[in-house]
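Each remark here refers to the structure printed beneath this line.
The values are calculated or read from the model by the stated rules, or taken from the named source; none is laboratory data. The model shown is predicted, which means the values in this text are computed figures rather than measured ones. Methodologically, a virtual Cβ is constructed for each residue, glycine included, from the backbone with ideal geometry; neighbour enumeration extends over all protein chains shown. Each accessible area value is taken on the protein alone, full model and side chains, heavy atoms only, with ligands, DNA and RNA left out. Shrake-Rupley method; radii C 1.70, N 1.55, O 1.52, S 1.80 Å.
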Amino acid sequence: GHRIVHGGARYDKSVPLTPQVLAYLDSLSPLAPLHQQNNLAPVRVIFEHYPEIFQVACLDTAFHQGHVPYLQHFALPERFFEQGVRRYGFHGLSYHYISQHLRQEFPELADGRVVVAHLGSGASACALKEGRSVHTTMGFTALDGLPMGTRPGRLDAGVVLWMLEQGMDHDEIQSVLYTQSGLKGLSGEQADMRALEASDDPRAKLAVQYFCYHTAENLAGLCVALKGLDTLVFTAGIGEHSPSIRAGIAQHLEWLGVEIDPIRNQKGQTVISTDDSPVRVLVIPTNEERVIAEQSLALVRASP
């Protein structure tokens with residue numbers, strides 16, 4: 001089983017890998033230049049040297065298929081949508097795991113209005129209703145939405161036009177957007193949240209404040225799709241391990257009913273909200289590898 005970041009609009013679940021599937025996934029590489037070719041490289045090696053091995057593509061976009069049309073489209077001429085310019089969403093394997101975990105461990109919350117914040121070097125958030133994705137912060141590529149380690153998150157498209165007007169070419173702009181921006185761009189050199197939190201440099205503090213505020217802003221925006229919020233889940237590297245970032249985000253969401261217990265949060269307990277908090281706040285370690293294993297095994301068992 002392989003985690004493949006971009007599955008395009010064709011697949012809404014994991015699929016057996018064939019040369020035809022590989023060719024389609026390869027065609028999506030410009031939409032995920034940091035990830036797609038790296039994801040597909042071992043697939044090619046196994047096809048070449050061990051063609052008898054059954055391979056499965058577990059797609060990070062699949063979990064988000066089925067969003068309502070007004071959350072799939074950009075406000076562009078329809079011909080662009082027909083060519084594949086649409087909102088896909090990512091980190092679907094992580095959200096799938098969290099959805100399953102809530103169903104098993106917190107069944108009273110699983111069908112409610114849930115926002116999951118997957119906060120790592122790459123970061124996004126997803127609105128879940130009845131365990132299904134109804135909206136997410138990432139869109140056409142993994143550049144959109146929340147600020148990240150080296151990616152800016154939501155950005156005025158006019159900035160890219162300005163870069164072009166300054167004479168920057170495609171590769172230069174791609175490098176800035178994928179490898180030089182986000183926390184690294186704001187701090188001047190550092191993309192690791194642990195180092196930023198430990199630093200006294202004003203630029204590091206700016207990066208942390210920017211991350212907390214704009215993450216909270218995006219989380220609040222997802223509540224429009226849910227018409228409220230019952231449960232907030234933090235997951236992935238930063239979400240699971242940084243009490244100060246969780247607190248920094250939560251303070252911007254107190255008006256939504258998010259109340260964190262400082263002691264529970266510092267200890268990293270599963271439930272970190274206060275007993276009186278209108279919104280339950282949880283910390284749940286994600287497990288994308290388990291989802292890959294389960295989905296791959298299911299396809300192996302179903303194969304002729």
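Observations on the structure shown:
- Over the stretch 114-183, relative contact order from alpha-carbon pairs under 8 Å, at least 6 apart, %: 25
- Residue-level accessible surface for Ser277, protein heavy atoms, 1.4 Å, Å²: 20
- Taking 12 Å as the straight-line reach from the Cα of Lys184, the aspartates and glutamates in range (excluding those fewer than 8 positions away in the same chain) are Asp192.
- Modelled FRET efficiency - R0 45 Å, Ser121 with Thr18, Cβ distances, 0.05 increments: 0.90
- Per-residue SASA entry for Arg203, accessible area with 1.4 Å probe, Å² rounded to 10: 120
- For Ile4, the residues whose amide H sits under 5 Å from its own are Cys58, Leu59, Asp60, ignoring neighbours fewer than 5 places away on the same chain, with H placed 1.01 Å from N.
- For the chain, diffusion coefficient by Stokes-Einstein and Kirkwood Rh (Cα), 37 °C, 0.692 mPa s, µm²/s: 163
- Checking every one of the trypsin sites (Lys or Arg not before Pro) in the stretch 216-286 against DSSP loop status and a limit of 13 other Cβ atoms within 10 Å picks out Lys227.
- Of the DSSP H helices in the chain, those with a Cα length along their own long axis of 15 Å or more and a mean Kyte-Doolittle hydropathy reaching -0.5 comprise 36-49, 202-226, 288-302.
- Of Lys205/Lys267; Lys13/Lys205; Lys13/Lys267, those spanning more than 30 Å from alpha-carbon to alpha-carbon: Lys13/Lys205; Lys13/Lys267
- Pairs of Cα atoms nearer than 8 Å and 6+ residues apart set the relative contact order; for the stretch 138-241 it is 23 percent.
- Within the chain, longest stretch free of exposed GluC sites (Glu not before Pro) [DSSP loop, at most 13 other beta carbons within 10 Å]: 190-304
- Counting Cα-Cα pairs of the stretch 1-102 in 5 Å increments starting at 0 gives whole-percent bin shares of 2, 12, 21, 22, 18, 13, 7, 3, 1, 0.
- Full-stretch length increase - Gln174, Arg203 - with 0.36 nm per residue and alpha-carbon distance subtracted: 8.1 nm
- Ellipticity estimate at 222 nm from DSSP helix runs (n ≥ 4, -39,500 (n - 2.57)) divided over the chain, nearest 500: -13500 deg cm²/dmol
- Full extension of the chain between Arg103 and Asp26 yields a length gain of 24.3 nm, computed as 0.36 nm times the residue separation minus the alpha carbon distance.
- Using the empirical formula 2.2 N^0.38 Å as the baseline, the Cα radius of gyration of the stretch 222-304 reaches a ratio of 1.40.
- Under the criterion of Cα pairs below 8 Å and six or more residues apart, the relative contact order for the chain equals 17 percent.
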